[in-house]
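Everything below concerns the one structure shown next.
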Amino acid sequence: MTPEQQAVAAANQGFYDALNARDLAAMERIWFPADWAECIHPGGIALRGWPAVRDSWAIAFMSTVPSMVAVTDVHVHLLGDVAWVSYTERIAATIDGEIHASAAHATNVFVRHDDAWRMVVHHASPVPYVVPAAPEGGLLVN
């Protein structure tokens, strides 16, 4: 990765650090507070404008369900002062003492502002769970 790609990857990781810590102040530092900012949470509606995006994080951070999000298969792309990161979110939550896991495909878009990469779009779509087929004549063991 180039140094610029590493800077974008670090900003993207900062987003997940804020998310996992449920730190609204840190989340506010990650985002560019534009009226054209957009956020689509997995399975959610499109939220447009910084106030709606910020409110969605404030509400999400009030949840009492312990959860953690990690990213895999990260790809960073740059074009001038715009960058985007595509990856898979691995989501784990503890509900009634049981761990539930899910995944989402996600893309974050960043703009360079005052020599810092600031998020302007977060879009995550759930990955549907597909039960693997049992081998012919055999049993499928989970």
> At a Förster distance of 22 Å, what's the computed FRET efficiency of residue 64 paired with residue 103, Cβ-Cβ distance as r, to 0.05?
Replying inline: 0.45
>> So for the chain, averaging the separation of alpha carbon pairs under 8 Å that are six or more residues apart and normalising by length, what relative contact order in percent results?
In response: 23 percent
> What is the diffusion coefficient of the chain in µm²/s, taking the Kirkwood radius over Cα pairs and the Stokes-Einstein relation at 25 °C with a viscosity of 0.890 mPa s?
Replying inline: 150 µm²/s
> If you place +1 on the Cβ of every Lys and Arg, -1 on the Cβ of every Asp and Glu, and leave all else neutral, what size is the dipole of the chain about its Cα centre, to the nearest 20 Debye?
Replying inline: 100 debye
>> Could you list 77, 123 so that the one with the fewest beta carbons within 10 Å of its beta carbon is first and the one with the most is last?
In response: 77, 123
>> Which one, 33, 128, 42, has the greatest fluctuation when you compute a Gaussian network model over the chain with C-alpha springs under 10 angstrom?
In response: 128
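Quick note: the coordinates plus some simple rules give every number you see, no bench work behind them. Everything numeric in this text was worked out from a predicted model, so none of it was measured. Here Cβ is always computed from backbone atoms with ideal geometry, including for glycine, and neighbour counts include all displayed protein chains.
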